[in-house]
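First the structure, in the form of structure tokens, and then the observations on it.
We did not get these values from a lab; they are worked out from the coordinates using the rules stated. These figures come from a predicted structure and were not determined experimentally. Cβ atoms come from the backbone with ideal geometry, glycine included; neighbour counts cover every protein chain shown.
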Amino acid sequence: MLELGASAYSNGDGLMSKHKYEGKHEVGQPVGARSGVVHSDGWTPGPDGTTPGYDAAIPKMKRKEYEHELRRLHGELVAVQEWVKDTGAKVCIVFEGRDTAGKGGTIKAITERVSPRVFRVVALPAPTDREKSQMYIQRYLSHFPAAGEVMIFDRSWYNRAGVERVMGFCTPEETRRFLELAPGVEKAMVDSGILLLKYWLEVSPEEQTRRLQSRIDDPRKIWKLSDMDLLSYQRWSEYSQARDDMFAGTDTAWAPWWVAHSDDKKRARLNIISHLLDRIPYASLEHRDVELPDRRAVADDQEPTIPLRYIPTPY
């Protein structure tokens, strides 16, 4: 079985990349220290923890350009899938971020052309009374990847550092203990051979407002709007503080946080996929020359004669 230890992924400089993305924007550097940070992509957290996102001078990506790049990256993700199956690698990808930051759309972009038997998405509901009585990490353990799996968490154990803290679903002491213990749990994950990637999607307050209003106005999106979204919207500053405390406590050499601006969803998805491809030491697929064989001839009287019920064709 392939063993991927912590040292192989301890920083952004020491890993040989298998994939090169030629776009203009990258996800950036690990979060690192939170005091006085000026990130490599040019944004600086404001006094309340907010960020301006992309430079306003950069236009949003056009759909045609996006689909062209996504098609190419999907081919690389298929190569990752085959590498994971062949080597027995174990990959765990965590997506966190504010409401409407685009976690679901990013995960869909990653998984839409690969096998759900290899790329598996975990989006756990609120814990049951029984799960609330368990050790906190317990209900997540069974979803960690086995050999040949890529597990993608649409929110994760970091609920305790985010929504549970901000909305009062856990005590300050429980949050403090979580932030103390999480790095050790993740060190054990990495030492066991799991490649752990943690992404935070950052959206500006203006763009979050626009997206929530769109959910209110569009009947196709109203199902995405919950009472919790509305309560969370009021607590932007509290979420900013929770995010920064989470980064300070759990941004480690063996499991760093990677931040992606998501005001432009298309750029964000491409940047994240490009980055995770760079973090996974997969081998590119060799093109196979395949020719379809001739079909076996069947006598006319052997064709099926069972009457079929066709659906109406109004289109």
Query raised in the report: Points 7 angstrom from Cα along the Cβ direction at residue 226 and residue 57: gap in nanometres?
Result: 4.1 nm
Query raised in the report: For the peptides 240-250, 264-274, 68-78, 127-137, what is the packing order when you average, over each peptide's residues, the other Cβ atoms within 10 Å and list the highest mean first?
Result: 264-274, 240-250, 68-78, 127-137
Report task. Just add up the charged neighbours of residue 225: K/R +1, D/E -1, any other residue whose Cβ is under 11 Å from the Cβ of residue 225. Result -> -1
Report summary line: Residues whose modelled amide H sits under 5 Å from the amide H of residue 144, counting only those 5 or more places away in sequence or on another chain, are none
**Report entry** Inter-site label distance for residue 155 and residue 248 at 7 Å from Cα along Cβ, in nm
**Finding:** 2.5 nm
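At a Förster distance of 35 Å, what's the computed FRET efficiency of residue 308 paired with residue 86, Cβ-Cβ distance as r, to 0.05? Walk me through the numbers before you get to the answer.
Numbers: r = 41 Å, r/R0 = 1.18.
Here the calculated transfer efficiency is 0.25.
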Requested in this report: Would you grab the residues whose amide H sits under 5 Å from the one on residue 149? Only those 5+ places off in sequence or on another chain, please, with H modelled 1.01 Å from N.
Outcome: 91
Query raised in the report: So how much slack lies between residue 291 and residue 147, counting 0.36 nm per residue of separation and subtracting their Cα-Cα distance, in nm?
Result: 48.6 nm
Requested in this report: List the extent of the Cα atoms of region 198-315 along each of their three principal axes, largest first, rounded to whole Å.
Outcome: 74, 44, 21
